[in-house]
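Okay, structure first, notes after.
Bear in mind these aren't lab numbers, they're just calculated from the coordinates by the rules spelled out. As the structure is a computational prediction, the values presented were derived from the model and not from experiment. Note that we place each Cβ from the backbone using ideal geometry, even for glycine, and neighbour counts take in every protein chain shown.
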Amino acid sequence: MLDYADELRVGVVELDNGTVVADAGVEAKGGLGAGIYLARLCMADLADIQPTPIEIDGITIPGVQVATDHPAISCMASQCAMWQVKAGNYFAMGSGPARILARKTKELYDALEFEEYSDVGVLFLESDTLPDEAAADKIAEACGIDPADLRLAVAPTDSVAGLVQVSARVVETGLHKLFTLGFDVRTIRNGWGRAPIAPVVGKATRCMGASNDAIIYGGETYYTVEYEPFDELLGYVKAIPSDTSRDYGAPFYKTFKECGFDFFKVDHHVFAPAKVVVNDLRSRRTLVAGRLNPQVLKESFGFEVANREG
Amino acid sequence: MLDYADELRVGVVELDNGTVVADAGVEAKGGLGAGIYLARLCMADLADIQPTPIEIDGITIPGVQVATDHPAISCMASQCAMWQVKAGNYFAMGSGPARILARKTKELYDALEFEEYSDVGVLFLESDTLPDEAAADKIAEACGIDPADLRLAVAPTDSVAGLVQVSARVVETGLHKLFTLGFDVRTIRNGWGRAPIAPVVGKATRCMGASNDAIIYGGETYYTVEYEPFDELLGYVKAIPSDTSRDYGAPFYKTFKECGFDFFKVDHHVFAPAKVVVNDLRSRRTLVAGRLNPQVLKESFGFEVANREG
Amino acid sequence: MLDYADELRVGVVELDNGTVVADAGVEAKGGLGAGIYLARLCMADLADIQPTPIEIDGITIPGVQVATDHPAISCMASQCAMWQVKAGNYFAMGSGPARILARKTKELYDALEFEEYSDVGVLFLESDTLPDEAAADKIAEACGIDPADLRLAVAPTDSVAGLVQVSARVVETGLHKLFTLGFDVRTIRNGWGRAPIAPVVGKATRCMGASNDAIIYGGETYYTVEYEPFDELLGYVKAIPSDTSRDYGAPFYKTFKECGFDFFKVDHHVFAPAKVVVNDLRSRRTLVAGRLNPQVLKESFGFEVANREG
């Protein structure tokens, strides 16, 4: 990413402690290219991530296609935004391989029975502010590495690159839902998916809503698993799609607003792909669950017809 | 491109003045791969260009997907075929980064407030003839570089590679339309699009028609802009799609023929993508204009059903 | 492929005779990535092969998109599985560039008037067993190379990577059908296609059936040819699609079973893409033949709806 900073419209700053920070959307103007690099970084480069056209009720927009042959590691151990970085006034959600070094969260890595050590760390921060030295120091310390060996990338929720990397979480969202249901995600061999990229629809909270909707109403996934017994798997697969949630059916922002912008009041079962196909290598059967919802997507993305006659 | 000449079926000739000429379709038999390299070259390698399936009324053919985070530079300053190269009997339309050195056209670069200097130059020539030394000398002179530092690539309008690189102009066509309407294209942050690749349907003029139709009736685009005021933007977006033209509705070749093959009699507003989506980062609104027209595409591409029963 | 063995979940073994064997699915757990590498290897790296979403009656699953500008070489001389490797108890179907060295089969290379020599050889073996030294020795001997200069890759028919590389034969299948009809495949300039990737639906024979169906009922192809006379070409194009076969209409496994699992009783005309578009550069006409059949695909792939209400 740093090698292609100009092409990607990414700004690069070195802090006094040696931490290198790549800005993909705070002051810089990163786009689709920068967003795809952020997504690769979040997935520890263990995924193939490409732009792909997606049609929503006759309107074609760019989306992302994600394929990973290491879903438990790339999605859960790395991409999942489970590190709440706080340092003084600085706050950001952290994702990427440096989470493994800091074991954020410990419960997850214990469940995955996964650990890995490294002298260098890479973390993506979803934030509208660049981290200062104090934040970088704190992150490096949690990772047990020298601040000069830390690389950070940053993009706000309401930036183009920031929205791209959220849609690239389409495969991860399915794993995360399964994980919270108690499923052993290490039995998932391959993950594939695609989701449209939300446009910038407003300030951070609105963009967060639209990018969630990209997955909740537009995300399509395909997993291969090795699981036994089959009946148990069937129960899990039925439970994955977003439409199993009581909060399914309206744009996320609307639901969030009705909950008084309190995350804990939202039914977390809604954070899931719209559609899921699971090919089980044990039973050699293939289950299909969920459905796309282009109508809610169109409402969430705020498409306005602007034809001359219109 | 030169490194992969054999794989791409591109011929390479060095002229006596040192100019290296890559032939992608005059005597050589370049295909989809060569065409995509031509397109990358035309866009100064500031775009991600990939083959992508496109369905036209139940018939799937290859198309191109283009994404650029430098639309004003890659499309207008580089890809736009605004250099009419003439040297003795040699004539070709020139596109690519060497246009910047020769400031073809000056008005454009003044409007973009863009200039860049280089000791080396790369130009794509749409032509059915390879350039001779005299043509190369003239191009190098206009660029202010040594002929030995000039690289040329050539493909005819009615070659496979030539048709690929036209469809890769889908994002550029929208910028060009906006530019001619007086819009400041530097406010365009990102461009994305796809268009089908026209088959070889006849000699050069017919192929030119079909490849224009690929964009006019099959081109889909998505732009992010930062523009104010919104009402002005709305007016521009309404004016982009090809269907705003009085010459919309028939294959381009037919219109061109009715105009006595006189370009100046064709309504230039027809040179535009079929469909456009614009996400404005200021107002945070998203406008959708235009429509696809698979029926005209099928007529233009000349699909003939050849089923056994048919 | 060997450089990325860990990322691709491919196992690497060196036999005592120096032959290096890459295991993509026997004991190893290669996925989509490994399958795409196998496909590239089979096509002698003369093709662009990418994952691509494919929709089957509202269900989106991963597929492969294949583009080659050397179809006669990449598909027929290399990818086509025409080498029955037998060594003691070891049996596998061999494909890839090492076939050229061993001239498997001689008739094919005579017809293509193609020969090429190399000190190194690469072969893909579709098999559920890793080859031993005796098998590797025999392959190397047939290629006229040192066993230490031989690289083998292996995947079973009922593995994820194995199923990917079958779907990547979509372009080859059209060439092979034309070849068996007596068509001179050297007149084919470019080949492009896409096909869904079959899920693991059962043991080897069932998976073989489903992966054949991916092409027979879901394969879409596009070829550019230079052929004369046109009427003859028209006859060939009409004959390409799978629906010209008397055995068209049921999942392949069903047909195969009804034939008592005897390959010679199956009508070989069924081994063809579902749909074909041919752009002829001589007549400059474009022929379209065949049809997709999502219903048979759904039956063959065994999709089971697992909605909560369902």
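Here's how it looks for A:Val12: its modeled amide H is under 5 Å from those of A:Asp23, which are all 5 or more places away or on a different chain. Summary of the geometry: the range A:186-233 and the range A:1-71, compared by the centres of their Cα atoms, lie 18 Å apart.
Need one word for chain A: rounded, prolate or oblate. Basis is the Cα gyration tensor (sqrt eigenvalues a ≥ b ≥ c); a/c below 1.5 gives rounded, then a/b vs b/c decides. Oblate. Available extension along the chain between A:Glu113 and A:Phe263 is 51.1 nm, counting 0.36 nm per residue and deducting the alpha carbon span.
Work out, step by step, the length gained on full extension between A:Gln84 and A:Glu55: first 0.36 nm times the residue separation, then minus their alpha carbon distance; give nm to one decimal.
On the way: separation 29, 0.36 × 29 = 10.44 nm, distance 3.45 nm.
So the chain would gain 7.0 nm between A:Gln84 and A:Glu55.
Taken about its Cα centre, the range B:2-301 carries a charge dipole of about 1140 debye when Lys and Arg each add +1 at the Cβ and Asp and Glu each add -1 at the Cβ.
Placing pseudo-labels 7 Å out from each Cα toward the beta carbon at C:Thr129 and C:Glu226 gives an inter-label distance of 4.7 nm. Ranked by how many other Cβ atoms sit within 10 Å of their own Cβ, fewest first, the residues A:Cys207, A:Cys75 fall in the order A:Cys207, A:Cys75. For A:Thr52, nonlocal amide neighbours, meaning residues 5 or more places apart or on other chains whose placed amide H falls under 5 Å from its own, are A:Gly63, A:Val64, A:Gln65.
Roughly how compact is the protein assembly as shown, stated as its Cα Rg over 2.2 N^0.38 Å to two decimals? Could the numbers behind the result be given before it?
Working: Rg = 27.6 Å, N = 930, 2.2 N^0.38 = 29.5 Å.
Ratio of Rg to 2.2 N^0.38 Å for the protein assembly as shown: 0.93.
Over the protein assembly as shown, dividing the summed -39,500 (n - 2.57) contributions of all DSSP H runs of at least 4 residues by the number of residues returns a 222 nm mean residue ellipticity of -8500 deg cm²/dmol.
Partner shielding of A:235-243 amounts to 2, given as the average count of beta-carbon atoms from other chains within 10 Å of each residue beta-carbon.
Close amide-amide hydrogen proximity is noted between C:Ala44 and no other residue 5 or more places distant or on a separate chain, at a cut-off under 5 Å (H modeled in the peptide plane; Pro and chain starts excluded).
In sequence order, the range B:135-151 has phi-based couplings of 5, 5, 4, 5, 5, 4, 4, 4, 8, x, 10, 6, x, 6, 9, 9, 10 Hz under the Karplus curve 6.51 cos²θ - 1.76 cosθ + 1.60, θ = phi - 60°, and Gly or Pro positions carry x.
Averaged over the residues of peptide C:49-60, the number of Cβ atoms from other protein chains lying within 10 Å of each residue's Cβ is 5.
Applying 1/(1 + (r/R0)^6) with r as the Cβ-Cβ distance of B:Phe91 and C:Glu304 and R0 = 60 angstrom yields a FRET efficiency of 0.45.
Can you list which of the chymotrypsin sites (Phe, Trp or Tyr not before Pro) found in the range A:101-144 are DSSP loop residues with at most 15 other C-beta atoms within 10 Å?
On the way: sites: A:Tyr109, A:Phe114, A:Tyr117, A:Phe124; in loops: A:Phe114, A:Tyr117.
Here the sparse-neighbourhood loop sites are A:Phe114, A:Tyr117.
For chain C, with a Gaussian network of springs between Cα atoms less than 10 Å apart, report the residue from C:Tyr248, C:Tyr217, C:Tyr90 with the top mean-square fluctuation. With Cα springs under 10 Å in chain C, the top fluctuation among C:Tyr248, C:Tyr217, C:Tyr90 is at C:Tyr90. Between B:Glu299, B:Glu226, B:Glu115, the GNM of chain B built on Cα springs shorter than 10 angstrom shows B:Glu115 fluctuating the most. Distances longer than 15 Å among the Cα atoms of the range B:197-275: what percent of all pairs is that? That tail contains 59 percent of the Cα-Cα pairs. Across the range A:134-207, counting alpha-carbon atoms alone, Rg and Dmax equal 16.4, 39 Å. For the residues A:Gly219, A:Gly290, A:Gly88, a GNM of chain A with alpha-carbon springs under 10 Å puts the largest fluctuation on A:Gly88. In terms of surrounding Cβ atoms within a 10 Å radius of their Cβ, C:Lys203, B:Lys106 rank from fewest to most as B:Lys106, C:Lys203. The charge dipole of the range C:105-183, taken about the Cα centre with unit charges on the Cβ atoms of Lys, Arg (+1) and Asp, Glu (-1), comes to about 440 debye, rounded to the nearest 20.
Would you tell me the mean number of C-beta atoms belonging to other protein chains that fall within 10 Å of each C-beta in C:199-207, as a whole number? Each step should come with its number before you reach the end.
Details: counts 10, 9, 4, 3, 1, 0, 0, 1, 1.
So the per-residue partner count for this stretch is 3.
In this assembly of identical copies, the label point of C:Asn17 (Cα plus 7 Å along Cα-to-Cβ) is separated from its counterparts by 5.9, 5.9 nm, sorted shortest first. Our coupling estimate for the range B:171-176, obtained by passing each phi through the Karplus curve with A = 6.51, B = -1.76, C = 1.60 and θ = phi - 60°, is 6, 4, 4, x, 5, 5 Hz, Gly and Pro reported as x.
I need the inter-copy label distances for C:Asn307: point set 7 Å along Cα to C-beta, values in nm with one decimal, smallest first. Sorted ascending, the copy-to-copy spacings read 3.0, 3.0 nm.
Straight-line cross-link reach from C:Lys106 at under 24 Å between alpha-carbon atoms covers these lysines, not counting any fewer than eight positions away in the same chain: C:Lys86, C:Lys138, C:Lys177.
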